[in-house]
1. Test B:Trp167 against the stated conditions and say whether it is of a type in the set (A, V, I, L, M, F, W, C), within 12 Å of another protein chain (Cβ to nearest Cβ) and free of Cβ contacts under 8 Å to residues at least 60 places away in the same chain.
2. All but one of (1) in contact with a Gly (Cβ under 9 Å, 6 or more places away or on another chain); (2) crowded, with 17+ Cβ neighbours inside 10 Å; (3) outside the structural domain of A:Ile87 (by TED's automatic domain parsing) hold for A:Gln246; which doesn't?
3. Out of A:Phe167, A:Phe157, report the one residue that is farther than 16 Å from A:Val111 by Cα, in the same structural domain as A:Ala129 (by TED's automatic domain parsing) and touching a Pro at 6+ places or on another chain (Cβ under 9 Å).
4. Go over the candidates A:Val410, A:Val383 one by one and state the one that is within 14 Å of chain B (Cβ to nearest Cβ), β-branched (Val, Ile, Thr) and touching a strand residue (DSSP E or B) at 6+ places or on another chain (Cβ under 7 Å).
5. Just for region B:136-154: of the residues that are outside any loop (DSSP other than H, G, I, E, B) and of a type in the set (A, V, I, L, M, F, W, C), which one is nearest to the other protein chains (Cβ to nearest Cβ)?
6. Kindly establish whether A:Val260 is more than 10 Å from chain B (Cβ to nearest Cβ) and buried (at least 19 other Cβ atoms within 10 Å of the Cβ).
7. Could you list, in sequence order, the residues of region B:183-204 that are touching a residue at least 24 places away in the same chain (Cβ under 8 Å) and not in a helix (DSSP H, G or I)?
8. Picking from A:Asp5, A:Asp36, A:Asp50, which residue would you name as being at pLDDT below 75, surrounded by fewer than 19 Cβ atoms within 10 Å (Cβ to Cβ) and over 28 Å from B:Asp158 (Cα atoms)?
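The values are calculated or read from the model by the stated rules, or taken from the named source; none is laboratory data. None of these values were measured; they are calculated from a predicted model. Cβ atoms come from the backbone with ideal geometry, glycine included; neighbour counts cover every protein chain shown.
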Amino acid sequence: MSQTDLLRFATAGSVDDGKSTLIGRLLYDSKQIFEDQLEAIEKTSLDRGDEYVDLALLTDGLRAEREQGITIDVAYRYFSTPKRKFIIADSPGHIQHTRNMITGCSTADLVLVLVDARNGITEQTKRHAFIASLLRISHLVVCINKMDLVGWSKERFQEIRAELETFVTRLQIPDITFIPISALQGDNVVDRSTAMPWYEGASLLHHLEDVHIASDRNLIDLRFPVQLVMRPRSQQLHDYRGYAGQVASGILGVGDEVMVLPSGFVSKVEGIEFYDQELEQAFPPMSVIIRLADDLDISRGDMLCRPHNKPYISQDLSATVCWMSEKPLEEGTKLAIKHNTAWGKALVHEIRYRLDINTLHRDESAKELGLNDIGRISFRTTVPLFYDEYRVNKATGSFVLVDEQTQVTVAAGMLLTHT
Amino acid sequence: MNYTLSHLEALEAEAIYVIREVVAEFERPCLLFSGGKDSAVLLHLAVKACWPGQLPFPVLHIDTGHNFPEVLDFRDRRVAELGVRLVVGSVQDAIDNGEVTEDKTPGASRNRLQTHSLIEAIARNRFDAVFGGGRRDEEKARAKERVFSHRDEFGQWDPRRQRPELWNLYNGRYRKGEHFRIFPLSNWTELDIWQYIENESIELPGIYFAHEREVFRKGQMLLALTPYTQPDPANPEEEVHTASVRYRTVGDMTCTSPVLSTAKTIEEVIQEISTTRISERGATRADDKFSEAAMEDRKREGYF
């Protein structure tokens, strides 16, 4: 099996920051663009009378978007180098698309933000840094783009860097890297730039290849949400009973003592199976089947953990949510909630505050949350959730809310421990 | 031990998780199985996800009536080996019953007609979740597709009204008459598919590997000589000749082109696509060349 690993990153920035050009450049310079795709955009560029091939066209999406000249949705793109395979969640930067950025960040290990060197830090840059911090992304890469248009100035780079560093001290992002680039000309994208000898760091691609993400996972707190009970209807497997699921966090080993929630019964791990293999251990994000030594009544939505390291168990909860529907969230609203592998109902008791993501001001007088608003809510669920604070465990700290009339997902939520 | 998965192991774990979510939450799933490489990988993953039990859902094939015989043989063999039920939606039957009208102009294909048979088969069997082997790297309309992709009561996809998809919390709730297309291979690329086929020794129809075949040029595409694809005798550029070719994708005979290749083994195929400079659909699918938004338009109507 090939031993490259996977890095998922989200990008943010508006059309003017050169984000599409940068992605086009990464794909092009890492030879992920095919000739027929290049021919198509060369033709479009030529037809439009562009002076150079517009690499941004590579990431152009749907007809509806081309007609309006905007990107309306998260697009996923792929490229790989001998070291890593990359998945890019490319989200548009407009203010009305906070929900797209959150969607893209929800599965990301790293966020890449673009800043136009001429304009410096904007409200949008701060918003993106804030969302990365809200979603607990450990790595932020700030590409200061269009360095060619500011005379490859070291002073300008340092000025912008200092400004953003001041802002992010209020956020929680452990690793921030600044890279001066020119997406259009390719400087510091794949190869080190000769125009900026004062910059001693790695090119963007080398940074993406080398950034250490393995320690970002929670390997301490064992959480195994039961996804499916495997009881094959066949004679020779008559007594077989296994619990299928994806390890959310922690490490599970054969012989380990585990507790089942909500029942509280304790048993031992008799076997860990993956198809026809018997494994000794399982860790995230492996999808396995667990067999226990005792015959217990366990169903989908239950959770295995360690007897001395349990998640919180409660029906009264508090969370930060991003509201994603045009119909606003009001106090007293009833919604469906999906958390781990369980569905339940949630009644929103209180909107504590709405957060202004530009100023980080908390408006405690807010009575509702509108589309793209971020706020803190308190709610009660019909079933207890087995959860951890999102800060320490993304898998067991996240949930979505669903409108029961339309069945549409209307909110992304991140749980807090104090209610 | 560093507790890290390789990229293929991570993609496999994700796909299995997706398949199990569907088994847990939907009442009547089915899996689109054309006998092509992506659906062969998908079927293999479904078997792994449901192990040690049998596959708890049928497989569905939309037969255009213009399929490669080698691929139909492979389909029937895999279905028999697994003991699963095969449901066939026949485009020929739909034409014979007058449900759809075939475009008989030269070069026309039945590709678009498949949408009717697909939606009809889903409705008739009351399938509420249909697994497909679509990948986001294939085409730009697919790049924005969800893993759990909602379809309205007409089977249509509305790219502007897609549900946000966060973390791994998939929302498969639907109203009566609606259904979902499920894409467990969303994050796989063509190369990932082939590396996985190699690692797992997944069997494929022989036409994916280099073989001698009678072909002719049609514009920029190469076409095999078949009952449905014939050269224009008046055009000297369309002269029939024998060449060593293989198929990168397998669809309807009328619109799937072979590529010149000498890759006879999985290893050689991987070597070939690692260095190729033409995209999979660009090299092989005449159906995507009609317009820039050809795939988007077909998908809106309810295509795979």
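1. yes
2. For A:Gln246, the failing item is (1).
3. Of the residues listed, the single one that is farther than 16 Å from A:Val111 by Cα, in the same structural domain as A:Ala129 (by TED's automatic domain parsing) and touching a Pro at 6+ places or on another chain (Cβ under 9 Å) is A:Phe157.
4. Matching residue, one of A:Val410, A:Val383: A:Val410.
5. Quick first cut of region B:136-154, residues outside any loop (DSSP other than H, G, I, E, B) only: B:142-144, B:148-151.
Restricting the remaining residues to those that are of a type in the set (A, V, I, L, M, F, W, C) gives B:143, B:148.
Values: B:Ala143: 4, B:Phe148: 10 Å.
Per the stated criteria, the residue is B:Ala143.
6. Numbers: more than 10 Å from chain B (Cβ to nearest Cβ): yes; buried (at least 19 other Cβ atoms within 10 Å of the Cβ): yes.
Yes; evaluated as a whole, the condition is true for this residue.
7. Of everything in region B:183-204, those that are touching a residue at least 24 places away in the same chain (Cβ under 8 Å) and not in a helix (DSSP H, G or I) turn out to be B:Phe183, B:Pro184, B:Leu185, B:Ser186, B:Asn187, B:Trp188, B:Thr189, B:Ile202, B:Glu203, B:Leu204.
8. A:Asp50
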